[in-house]
Amino acid sequence: MWLNYGVRDGLPSSCIVDAVQDLSGRIWFASSQTGVSCFDGHTFTNLTPTGVPPGTGVLSLALDLDGDLWLASYGGGLVRYDGREFTCFTVEDGLSGWKITAVLTDTRGRIWCAVGDLYDPSYRGGVHYFDGRCLVSCQGAGELVGANVLSLAEDSDGVIWAGTHGRGAWQLANAGARRVTPERGGMEDEVWSMALDSTGRMWLGTGSGVARAVDGRLESVPGTGAMEGVAVLAMHEDDQGRMWLGYERWRHQPAVRRSTNHVHHRRRAGGQPGVVGDTRSRGPSLDGDPGWRRQSVRRPVHSALQHGGWPS
């Protein structure tokens, strides 16, 4: 059963792009149009971070080990909310730009943030982390310095991965940055999302389908060839080993962008193929692969992903 919440129920907008549950059980939602909203199980409380331009959207959320909420403000810098007040970290604090596209808490408790632009590949961004006192820029990251970074993830070895707009995916380590994806100069160099599955493999959502890291190399995921030319915006593996993909396909016309949102899901290798999740979904398989099913949705795709679990 689907329960749909919208503006009439108290949300600040219908464009919800991320969600996270805090230590008290409340659900926080990020709006790409304006601020955040907290749901206590009954009502929504909408908050607008102080110190950021009005109408600034939030693209990503993360909780630190103290329970503070961190916001990736797209145009207002990195924001922390301790339950009482907002603290903004901007270019004056060391950020390479105002547009934060992703925020991540690693297993050591550090807060990582990505700086980039969703539309301009030439935007100079970067990767930073908060060590508890101040922001630290990954200046030793070699070619990754100044990159337009779209996504962040941590693998099972504690290594941070950074997905970029035009430079592929990178691993960050003490020795610097290492490019994981081969340079091909196409949509494959756009890494919009990443997710670690239960077997320890990293999945990459690109502009030409989905790839995963296996034994130190990347391989294309069967059945995703029909997704070329789309942005795979979100991925998450549920407790039954099914990987959920949310993507947007668009075409450009003068002053017009037409888009269609979809959800795909696939069982882990060895599982039985078939329709999962919403049993009303009877869409065709991808490239004849019965392991993939597609569901088209009219509202933002991230709202549909809530049914299958949410990547934290």
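Highest mean packing comes first when the peptides 115-124, 199-208 are listed by Cβ atoms within 10 Å, giving 199-208, 115-124. With the simple model of a label 7 Å out from the Cα in the direction of the Cβ, CYS134 to TYR119 spans 3.5 nm.
Eigenvalues of the Cα gyration tensor times 5, then square-rooted: what semi-axes does that give for the stretch 60-117, in whole angstrom, largest first? Provide the component values of the computation, followed by the final result.
Details: eigenvalues 62, 34, 17 Å².
Whole-Å semi-axes of the equivalent ellipsoid: 18, 13, 9.
What is the calculated FRET efficiency for THR199 to THR48, with r their C-beta to C-beta distance and R₀ = 41 Å, to the nearest 0.05? It would help to have the intermediate numbers written out before the result.
Details: r = 41 Å, r/R0 = 0.99.
The value I calculate is 0.50.
So the label point goes 7 Å from the Cα of ARG179 along Cα→C-beta, right? Which residues of the stretch 69-104 then have their backbone N under 20 Å from it? So the set is empty, nothing qualifies.
What full-extension length gain, to one decimal in nm, is calculated for ARG108 and LEU65 as 0.36 nm per residue of separation minus the Cα-Cα distance?
Numbers: separation 43, 0.36 × 43 = 15.48 nm, distance 0.90 nm.
Result for the pair: 14.6 nm of gain on full extension.
Here the gap between CYS15 and ARG217, fully extended at 0.36 nm per residue and compared with their Cα-Cα distance, gives a gain of 69.2 nm.
Can you tell me the FRET efficiency between ASP155 and ASP93 if r is taken as the Cβ-Cβ distance and R0 is 30 Å, rounded to the nearest 0.05? Display every interim value, and only then the final one.
Numbers: r = 28 Å, r/R0 = 0.93.
After rounding to 0.05, the efficiency reads 0.60.
None of the figures in this text is laboratory data; all of them are computed from the coordinates on show. Fair warning: this is a prediction, and the values are worked out from it, not measured in the lab. Every residue, glycine as well, gets a Cβ built from its backbone with ideal geometry; the counts of neighbours run over all protein chains shown.
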